[in-house]
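Worksheet for the structure shown next.
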Amino acid sequence: MLLPLLKSLPTDPHFMKYALLSSQPTTAGVNVVISVPTIVDEATLGFYNVTIEAGAALTFDPTQELEFRAANILVSGRLEIGSETCPYKGRLTITLTGDETCFLIF
């Protein structure tokens, strides 16, 4: 089941703060799987593969200045950066660091 489109942040009770997901990595260069709706509310390390599973969502706190780095981002769920009813007013930089030798194989 997909959640309704993003309506409010960062207090939307449907979103888990990234820092509270104890199973998520705390070192750079690792794979991350987002399996529940998740909000990034603090700086993160550079990841290798970020997978957003079906039914999950990844969004960013618009009250923070954030940089998110990953070699690859695979979206089966939702990657949300604001919406019509909740425009993103923060400062966010998403940097993809992969190259032709750095890709996912399915």
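Values in this text are rule-based calculations from the coordinates and carry no lab data. Nothing here was measured: the structure is a model prediction, and the numbers come from that model.
Some notes on this structure:
- Net length gained if the chain between Gln64 and Val30 were fully extended (0.36 nm per residue, minus Cα distance): 9.9 nm
- Segment Leu74..Glu100, full-extension length gain: 7.8 nm, with 0.36 nm per residue of separation and the alpha-carbon distance subtracted.
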